[in-house]
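Undergrad: This is the structure I want to talk about, given as structure tokens.
The values are calculated or read from the model by the stated rules, or taken from the named source; none is laboratory data. In this text the structure is predicted, and so the values were computed from the model without any measurement. Reconstructed Cβ throughout: ideal geometry from the backbone, glycine too, with neighbour counts over all protein chains shown. The protein model used for the area step is the full one, side chains on, heavy atoms only, and it has no ligands, DNA or RNA in it. Shrake-Rupley method; radii C 1.70, N 1.55, O 1.52, S 1.80 Å.
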Amino acid sequence: MGRSENKSWYIYDSGQYTTQPSVNCTAGYRSGKPRPAVTWWRDYALLDDTYTFVTGDNSVRNELEIEELRRNDLLAVLQCQASNNNITVPASVSITLDVNLKPLIVRVEPHKRHLSADKEAELKCTTSGSRPPAMITWWKGSKELKTGRTDSQTGDSTVSILRFVPSVEDNGKYFSCRAHNPVIPGSAKEEGWNLEVFYAPQVTLQLGSTFRQGEVKEGNDVFFECNIRANPWVTEISWYFEGRELRTNTSAGIIISNQTLVLQNINRTSRGNYRCSAANADGVGTSNEVFLRVKYAPVCNTNLRRVYGVGRLEAVRVLCELEADPPNLEFHWRFNVSERNLDITDFTSSGKESIATYVPHTDDEYGTLSCWATNEVGWQKEPCLFAIVPAGPPEALLNCTVVNHTENSIHVDCLEGYNGGLPQMFTIEVYDIELGKLRSNVTLAQPSFIIQGLPSNTALHLVVYASNGKGRSPIYTLAATTLQRAEKLTGKDFILFL
């Protein structure tokens, strides 16, 4: 619409809008008729032609209200036109909508992948569709993760890369990436899931609740519990006693049922350290060791000396050493001979040991000493027996054999005979037959001799015997020969035949 001299037009824009924005367009005039029509247009389409006359300032106003802004309203051009005829070009003014937008997409890669405890993981969060670009935050439960991340923006997209090391305690926690437009309250959008953290089994072993440590006795049934925490769940559980793997053996009273080890009718051989282990796809976990203390009645030590030789009117001190738990023992001694039993009172005791002093006065007072004890578990089932015999020289050695010989050594083994009731030692004498010379004289606690430093290719006479406090045994003799020394050969010694 062409302008005439008797009319003056002006158009302005309020510039304010919210999620339900409105835009005011006012056409003012000083003279002229008719009043202008004020309308709103978008892309040649009429949006609103409901204008009103404002009498106070001779203006016509049209307020355009947009009920709900949408994404396609971004950068839309709205035009307000004022016209009072069909001849001249309408006066107009345009505004461009710059719309703040919420994030449209939030995506985390890799998505819902399991993580491994104590190993660094890298996750990427991408968001787009926000204007201005969205801000990204990472969350584990209610705690924001602020370290180990790098962010970048391109257009309306924001990318955040997070590097963090999950722990076992993170398993099952809600983990999320959250994007929000800081100028739009309540615009946050997120993607998240409950973390699945894989870790090697964490294993602890404890004695079953039936007994407390220190209360287990021979004959009891006990069980161990192998407590396991693992993800994924374990594929194998193993049990160990003193480093040796245990297997179910019902005849021996060993029953393994998954996380439980049952020991039936235990005895002192069950004493020792137990542990369990478990394996899954992430590794193997081994428990603490639990020592099983088994209280038991006294038993004889297996290394006791069982025969004592003594002369008439000589005192002999007999050691009785026991194994027991607890070790506070009450000892008893008795002498048995010719269907007669005599309690022995001449003895001392200390811990698990007792020493009795016995003196045979006649030939009828040789026989057997019995020793036994009791503790809080009970009486010793089988006493320790010691033979008191007349002391004398040892018997001759048996089956002496040269088991090996070299250029300068021989190896002789014998079987020991009866020791005469006293500790015995063993002696070998080695003589050079040709020279009639003693080459070696060796005494040992066992009848196994290795004699070195002998001349080669020499015939030897060997004399072997045992001795104790009462004298020597008869001798055992045998012959031996050292090997001939190998001769060195030179080139002159060879004749080559073709």
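Undergrad: Looking for something under 27 Å from VAL77 (Cα atoms), open to solvent by less than 20 Å² (accessible area, probe 1.4 Å) and part of a loop (DSSP other than H, G, I, E, B) - is there at least one such residue anywhere in segment 100-108?
TA: Yes, the conditions are met somewhere in segment 100-108.
Residue-by-condition table, conditions (1) in a strand (DSSP E or B); (2) at pLDDT below 95; (3) out of contact with any helix residue (DSSP H, G or I) (no Cβ under 6 Å at 6 or more places or on another chain):
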residue	(1), (2), (3)
VAL403	yes, yes, yes
ASP413	yes, no, yes
TYR418	no, yes, yes
PRO423	no, yes, yes
GLU434	no, yes, yes
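Undergrad: For PRO185, state whether it is without any contact (Cβ under 8 Å) to a residue 60 or more places away in the chain and either surrounded by 18 or more Cβ atoms within 10 Å (Cβ to Cβ) or hydroxyl-bearing (Ser, Thr, Tyr) (or both).
TA: On the way: without any contact (Cβ under 8 Å) to a residue 60 or more places away in the chain: yes; either surrounded by 18 or more Cβ atoms within 10 Å (Cβ to Cβ) or hydroxyl-bearing (Ser, Thr, Tyr) (or both): no.
No: the conditions fail for PRO185.
Undergrad: Further question: Being in contact with a Cys (Cβ under 9 Å, 6 or more places away or on another chain), part of a loop (DSSP other than H, G, I, E, B) and farther than 30 Å from ARG439 by Cα narrows it down to one residue among GLU376, GLU382; which is it? Let's see the steps before the verdict.
TA: On the way: GLU376 fails: in contact with a Cys (Cβ under 9 Å, 6 or more places away or on another chain).
Sole residue among the options that is in contact with a Cys (Cβ under 9 Å, 6 or more places away or on another chain), part of a loop (DSSP other than H, G, I, E, B) and farther than 30 Å from ARG439 by Cα: GLU382.
Undergrad: Then there's this: Residues that are open to solvent by 80 Å² or more (accessible area, probe 1.4 Å): find the strands (runs of 3 or more DSSP E) completely inside segment 112-155 holding 2 or more of those.
TA: Correct list: 121-128, 149-154.
Undergrad: It is to be established whether one or more residues within segment 377-388 are crowded, with 20+ Cβ neighbours inside 10 Å and either more than 30 Å from ALA297 (Cβ to Cβ) or of a type in the set (Gly, Ala, Ser) (or both). It would help to see each step written out before you state the result.
TA: Our first condition is that a residue be crowded, with 20+ Cβ neighbours inside 10 Å; within segment 377-388, this holds for 380, 383-384, 386, 388.
This time we only want the ones that are either more than 30 Å from ALA297 (Cβ to Cβ) or of a type in the set (Gly, Ala, Ser) (or both), so: none.
No, the conditions are met nowhere in segment 377-388.
Undergrad: If you take the residues in segment 407-438 that are open to solvent by 80 Å² or more (accessible area, probe 1.4 Å) and touching a Pro at 6+ places or on another chain (Cβ under 8 Å), which one is farthest from PHE386 (Cα to Cα)?
TA: The residue in question is LEU415.
Undergrad: Let me ask something additional. Report yes if PHE335 is of a type in the set (A, V, I, L, M, F, W, C), at pLDDT 90 or above and buried (at least 18 other Cβ atoms within 10 Å of the Cβ), otherwise no.
TA: Numbers: of a type in the set (A, V, I, L, M, F, W, C): yes; at pLDDT 90 or above: yes; buried (at least 18 other Cβ atoms within 10 Å of the Cβ): yes.
Yes: the conditions hold for PHE335.
Undergrad: Do we find that GLY436 is on the phi > 0 side of the Ramachandran plot and without any contact (Cβ under 8 Å) to a residue 12 or more places away in the chain in this structure? Don't jump to the end; show me each part of the working.
TA: Values: on the phi > 0 side of the Ramachandran plot: yes; without any contact (Cβ under 8 Å) to a residue 12 or more places away in the chain: yes.
Against the criterion (on the phi > 0 side of the Ramachandran plot and without any contact (Cβ under 8 Å) to a residue 12 or more places away in the chain), GLY436 qualifies.
Undergrad: Tell me, please, whether a residue that is assigned to a loop (DSSP other than H, G, I, E, B), more than 16 Å from PRO36 (Cα to Cα) and in contact with a helix residue (DSSP H, G or I) (Cβ under 6 Å, 6 or more places away or on another chain) can be found in segment 78-98. I'd like the intermediate steps shown before the answer.
TA: Just the residues of segment 78-98 that are assigned to a loop (DSSP other than H, G, I, E, B), to begin with: 84-90, 97-98.
Filter again for more than 16 Å from PRO36 (Cα to Cα), leaving 97-98.
Next, only the ones that are in contact with a helix residue (DSSP H, G or I) (Cβ under 6 Å, 6 or more places away or on another chain) stay: 97.
For segment 78-98, residues assigned to a loop (DSSP other than H, G, I, E, B), more than 16 Å from PRO36 (Cα to Cα) and in contact with a helix residue (DSSP H, G or I) (Cβ under 6 Å, 6 or more places away or on another chain): present.
Undergrad: Still on this structure: Give the residues of segment 477-488 that are open to solvent by 70 Å² or more (accessible area, probe 1.4 Å) and more than 25 Å from TYR418 (Cα to Cα), sorted by residue number.
TA: Matches in segment 477-488: LEU483, GLN484, ARG485, ALA486, GLU487, LYS488.
Undergrad: Could you please find all residues in segment 439-476 being open to solvent by less than 80 Å² (accessible area, probe 1.4 Å), farther than 28 Å from PRO390 by Cα and without any contact (Cβ under 8 Å) to a residue 40 or more places away in the chain?
TA: Scanning segment 439-476 gives SER440, VAL442, PHE449, THR458, ALA459, HIS461.
Undergrad: When the residues of segment 295-320 are narrowed to those that are touching a residue at least 60 places away in the same chain (Cβ under 8 Å) and of a type in the set (Gly, Ala, Ser), which ends up nearest to TRP379 (Cα to Cα)?
TA: ALA297
Undergrad: Got a sec? Which of THR210, THR250, THR269, THR204 is of a type outside the set (A, V, I, L, M, F, W, C), farther than 26 Å from LYS112 by Cα and modelled with pLDDT of 95 or more? Steps first, answer last, please.
TA: Numbers: THR210 fails: modelled with pLDDT of 95 or more; THR250 fails: modelled with pLDDT of 95 or more; THR269 fails: modelled with pLDDT of 95 or more.
Just a single option satisfies the conditions, and that option is THR204.
Undergrad: Then there's this: So ASP346 fits all but one of (1) open to solvent by less than 20 Å² (accessible area, probe 1.4 Å); (2) under 15 Å from GLU314 (Cα atoms); what number is the exception?
TA: So ASP346 meets the others, but not (1).
Undergrad: Right, another one. For GLU407, indicate whether it is at pLDDT below 95, over 30 Å from SER338 (Cβ atoms) and in a loop (DSSP other than H, G, I, E, B). Give the steps one after another, and end with the answer.
TA: Working: at pLDDT below 95: yes; over 30 Å from SER338 (Cβ atoms): yes; in a loop (DSSP other than H, G, I, E, B): yes.
For GLU407, the condition - at pLDDT below 95, over 30 Å from SER338 (Cβ atoms) and in a loop (DSSP other than H, G, I, E, B) - is met.
Undergrad: Taking the criterion of being crowded, with 16+ Cβ neighbours inside 10 Å, part of a loop (DSSP other than H, G, I, E, B), of a type in the set (Gly, Ala, Ser) and at pLDDT 90 or above, would at least one residue in segment 233-240 satisfy it?
TA: Let us first name the residues in segment 233-240 that are crowded, with 16+ Cβ neighbours inside 10 Å, namely 234, 237-240.
From what's left, part of a loop (DSSP other than H, G, I, E, B): 234.
Now narrow it down to the ones that are of a type in the set (Gly, Ala, Ser): none.
The answer is no, given that none of the residues of segment 233-240 is crowded, with 16+ Cβ neighbours inside 10 Å, part of a loop (DSSP other than H, G, I, E, B), of a type in the set (Gly, Ala, Ser) and at pLDDT 90 or above.
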